[in-house]
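Report on the structure given below.
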Amino acid sequence: MLDVPSFMWFLTVKQRRQICFQEDFFVHAHPPGPENGETRLLQCLHLTACLPRPCIIRNALQHWPALQKWSFPYLRATVGSTEVSVAVTPDGYADVVRGDRFVMPAERHLPLSHVLDVLEGQAQHPGVLYVQKQCSNLATELSQLLSDLEPHVPWASEALGKIPDAVNFWLGEAAAVTSLHKDHYENLYCVVSGEKHFLLHPPSDRPFIPYEMYTPASYQLTEEGTFKVVDEEAMEKVPWIPLDPLAPDLARYPSYSQAQALRCTVQAGELLYLPALWFHHVQQSHGCIAVNFWYDMEYDLKYSYFQLLDSLTKAAGLN
């Protein structure tokens, strides 16, 4: 006899997608607390739930000093001289398919004050800048800012049964775009200033989302300020999604017309819970500042069934 999670995963893709889109995602006005429906919200987030789905929590960061402090002048005064890893691309798209290559951004180490100057139009730099190093860069590069927020999200850590593997700091131009992909992490995405625009697909849309194999490469910034693409010869080919969900080539990828995207905007002071394996494409307002917490996912039945769906998709020749 199947338990509830197993039953949900054995539903057809169509049935699962209908269930998923009945309410799209939760919007909760406050973070959990005894007076704010803590039990219900924790149940919504708990990994053993049969169908994890995104949840926006408003007023989630009101107790963070960062929400009031993290202006450009404050960052310049506090960590302006600190060098940070910056992704640099000619068009704002990092980790993206270009022709027959999967192209990663050039990486520069720049004083944060220079990044802020570029964002404010007081300085110039070739390409589009994005502070997006995803290796707990808040702790490793900007540790002076740690006292302005919590080291983790306590109620999320309780719901997920662990503490985060990484805490990342994000800052960039409006042109900086995160291409469609998925992560093996439970993602708590916190917007401190500005706003982030997410386009989401549930894992059950996998049959309609194309993957192809690409030779990995990276942008290199020349002394003249131009970009060239250089192959990463030591790396094997990587699978990546070639489709831009904002302008999908349906003639080439007709199955994508059957996918149904969720769209949401996360504003300053709000938190988005993005479950592991959900596909996401991200845009932002100019100068948006955000922090996200990555919690390692549970490699349980849900992961196994996603792997099964992925294998069946490939075996059926859907992409």
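Figures for the structure shown
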{"item": "Sequence of Y303, Y273 once ranked by neighbouring C-beta atoms within 10 Å, starting from the fewest", "result": "Y303, Y273"}
{"item": "Under-5 Å amide H pairs with Y130, H placed in peptide plane, nonlocal only", "result": "A87"}
{"item": "Alpha-carbon centroids, region 88-139 and region 183-235: separation in whole Å", "result": "12"}
{"item": "Percent RCO, i.e. relative contact order, over region 85-139, from Cα pairs under 8 Å lying at least 6 residues apart", "result": "47"}
{"item": "Per DSSP, loop GluC sites (Glu not before Pro) in region 48-151 with at most 12 further Cβ within 10 Å", "result": "E120"}
{"item": "Footprinting exposure proxy for S143, S218 (fewest neighbouring C-beta atoms within 10 Å first)", "result": "S143, S218"}
{"item": "Aspartates and glutamates whose Cα lies under 12 Å from that of K69, excluding same-chain neighbours fewer than 8 positions away", "result": "D148"}
{"item": "Net charge over other residues, Cβ less than 13 angstrom from the Cβ of A316 (K, R count +1; D, E count -1)", "result": "+1"}
{"item": "Using distinct alpha-carbon pairs, which all enter the 1/r mean, Kirkwood radius of region 132-275 in Å", "result": "18.2"}
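Coordinate-derived values only; no laboratory data. Predicted, not measured: the structure shown is a model, and the values here were computed from it. When we count neighbours, we look across all protein chains shown, and the Cβ atoms used for this are built from the backbone with ideal geometry, even at glycine.
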